[in-house]
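Colleague: Here it is: the structure, laid out below.
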Amino acid sequence: MRRIGFILIIMILAGCNLGAPQDSSSTPSTPVEADATATVDLDSITPFAITERARPTSIFGATSTPSELNFEGQLVYSRNEEVTGWDIFTMFANGTGIVNITNSAGDDVRPKWSPDGTLIAFDSDVSGNQEIYVMNTDGSNRRNLTNSDATDLRANWSPDGSQIVFHSNRSGNWDLWIMNADGSNPRQLTQHPEDDWVPSWSPDGTRIAFHSNRTGNFELYLINVDGTNLVQLTDHPANDFAPEWSPDGTRLAFHTNRDGNFEVYTINADGTNLVRLTTHLGNDVSPTWSPDGTLIAFHAVRDTDRDLFVMSAIGENQVAVTFTLQEEQSPHWRP
C-alpha cells in the first residue's frame, strides 16, 4: 500500500508530512550526470487538470483569488492523488499554472529546488524504501542518489549546489549526513544516540540548522559543516521542528507546538527575537522563504484539507493558494 503511515512522532519530525512514505539508503551508486542546463517553460505546458472545492469568500481578511495575488516566483510541492499516491507538482506562487511533474509507482515527496533552479531533489519510496532522488525541473532524467538499505530523507542543497545534506538512519539512529550532489562521497556529520533531523544549509555555506531531541524534547540546533561548534538555538518544554534559513541568513523560520497546536515562528540566528507568525487553531507547518525574504509559504490544515498558504515574512496577509480536493504539503520556493 503506497500511503505508508508514519507513527506520530515521525510525521512531526518530517515536517508534518502526514501520509508521506519512508525512504532508505546506504551506499550511493554512480548516478547519471545531471543536465545542468535543463529547464522547463511552464507557460508551454498544459496545466494538470484539477478539481477544486468551493473557494472561501474570505480567508483571514483576504478576498482575492490566487490569480489576483501579487506573489512572484514558483513553488514546488507534493500532492496526494489518493489513488496514485503522492506526486510532485510546480505552480506559480499565486496558485496558478499547476504542473504535475512526477507520476511514479511510489510516493514522491518533500521536493527542494537546487540553488540555480535547474534541478529538484526529493524523497521517494519507488525502490521499496525511501531514497533521495534528483530530477530535472520537468520531471525528466530522474536518478537515485543514495541507493541504500537504510532510510535517507529530507535533502537540502548547499548554497553552491555542489553538496546535499540529509538525515539518515544508516548509522543505526537518525544522524545528519552530507554527500556530493551526484550522490558520491557520503560522510556522517553528526553522531549522537538521540535523533538529528531535517537539516537546512545556511546561505553563507558555513552552518547547518536542524532539530534534535538530545535534551529529551525537540529543539533547534546549529552546527558547522565540519561538525564542530554545536549550538542549541531554542530551549523550551515543547517541541521545535524543521528550521529554514532566511535568504540573508539572519533568521530561521520553523514550526512548533509550544502553543498546543503547530504554529509558524521565526527566530534570529543567535536565538534572540522569537516571533510567532501564525495564530490559528489548525496546524501550520513547514515554512519556506521566498528568494527575496519578504514572503513565507507553508502548509496548513485550516479547513477540511491540507493546503498551501503564503503570508508576509511578519505573518500578515495569510492567504491560501491551493483549493483542490487533494492534500498539498512541503512547499519550496524556486531560487
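Colleague: Counting every Cα pair in segment 68-195, what percent are over 22 Å apart?
Modeller: Numbers: 3049 of 8128 pairs.
So the pairs more than 22 Å apart make up 38 percent of the total in segment 68-195.
Colleague: Also, I was wondering about something else. Treat every Asp and Glu Cβ in segment 189-335 as -1 and every Lys and Arg Cβ as +1, leave all other atoms uncharged, and give the resulting dipole magnitude about the Cα centre to the nearest 20 debye. Let's see the in-between values first.
Modeller: Details: 8 positive and 21 negative charges, 22 e Å.
Value, rounded to 20: 100 debye.
Colleague: Let me ask you something else. Could you tell me whether segment 264-306 comes out rounded, prolate or oblate from its Cα gyration tensor? Rule is a ≥ b ≥ c as square roots of the eigenvalues, rounded for a/c under 1.5, then prolate if a/b exceeds b/c, otherwise oblate.
Modeller: On the way: a/c = 3.11, a/b = 1.59, b/c = 1.96.
Because a/c hits 1.5 or more and a/b fails to exceed b/c, segment 264-306 counts as oblate.
Colleague: Tell me the net charge near L145. Cut-off is 10 Å between Cβ atoms, L145 excluded, with +1 for each Lys or Arg and -1 for each Asp or Glu. Please list the in-between numbers first.
Modeller: On the way: positive: R143; negative: E131, D152, D182.
Here the charged neighbours net out to -2.
Colleague: Using packing as a proxy for protection, rank 125-135, 74-84 so that the peptide with the highest average count of other Cβ atoms within 10 Å comes first. Write down the numbers at each step before the final one.
Modeller: On the way: 125-135: 22.5, 74-84: 19.8.
For the peptides 125-135, 74-84, the packing ranking is 125-135, 74-84.
Colleague: If you wrap a convex hull around the Cα atoms of segment 182-226, how much volume per residue is inside, in Å³?
Modeller: Values: hull volume 4.0 nm³, N = 45.
So the per-residue Cα hull volume is 88 Å³.
Colleague: Once a ≥ b ≥ c are taken as the square roots of the eigenvalues of the Cα gyration tensor of segment 67-131, is the result rounded (a/c under 1.5), prolate (a/b larger than b/c) or oblate (a/b not larger than b/c)?
Modeller: oblate
Colleague: Hey, can you rank 249-259, 172-182 by average C-beta count inside 10 Å, highest first?
Modeller: Highest to lowest by the protection proxy: 249-259, 172-182.
Colleague: Could you give the length gained on full extension between S171 and N103, defined as 0.36 nm per residue of separation minus the Cα-Cα distance, in nm? Kindly include the intermediate steps, with their values, before the conclusion.
Modeller: Numbers: separation 68, 0.36 × 68 = 24.48 nm, distance 3.14 nm.
That works out to 21.3 nm of additional length.
Colleague: So what is the relative contact order of segment 88-168, in percent, for Cα pairs below 8 Å that sit 6 or more residues apart?
Modeller: Values: 161 pairs, mean separation 16.9, N = 81.
The value is 21 percent.
Colleague: About the Cα centre of segment 251-335, how large is the charge dipole given +1 on each Lys and Arg Cβ and -1 on each Asp and Glu Cβ? Please answer in debye to the nearest 20.
Modeller: Working: 6 positive and 11 negative charges, 39 e Å.
Result for segment 251-335 is approximately 180 debye, rounded to the nearest 20.
Colleague: Using θ = phi - 60° and the Karplus curve 6.51 cos²θ - 1.76 cosθ + 1.60, what whole-Hz ³J(HN,Hα) does each residue of segment 177-183 get, with Gly and Pro shown as x?
Modeller: Rounded to whole hertz, the list is 10, 10, 9, 5, 5, 9, x.
Colleague: Once you wrap a convex hull around the alpha carbon atoms of segment 192-335, what is its projected area averaged over all directions, in nm²?
Modeller: Across all orientations, segment 192-335 yields a mean hull projection of 8.8 nm².
Colleague: Taking the number of other C-beta atoms within 10 Å as the exposure measure, put T118, T206, T304 in order starting with the fewest.
Modeller: Working: T118 18, T206 14, T304 9.
Ranked by crowding around the Cβ, least crowded first: T304, T206, T118.
Colleague: Here is a follow-up. Over segment 194-263, what is the relative contact order in whole percent, taking alpha-carbon pairs under 8 Å and six or more residues apart? Intermediate results must be reported in sequence, preceding the final value.
Modeller: Details: 152 pairs, mean separation 17.9, N = 70.
Once divided by the residue count of segment 194-263, the mean separation gives 26 percent.
Computed from the coordinates by the stated procedures, all read-outs in this text should not be read as laboratory data. What you are looking at is a predicted structure, and each value in this text was computed from that prediction instead of being measured. Counting neighbours? That spans all protein chains shown, and the Cβs are built from the backbone with ideal geometry, glycine included.
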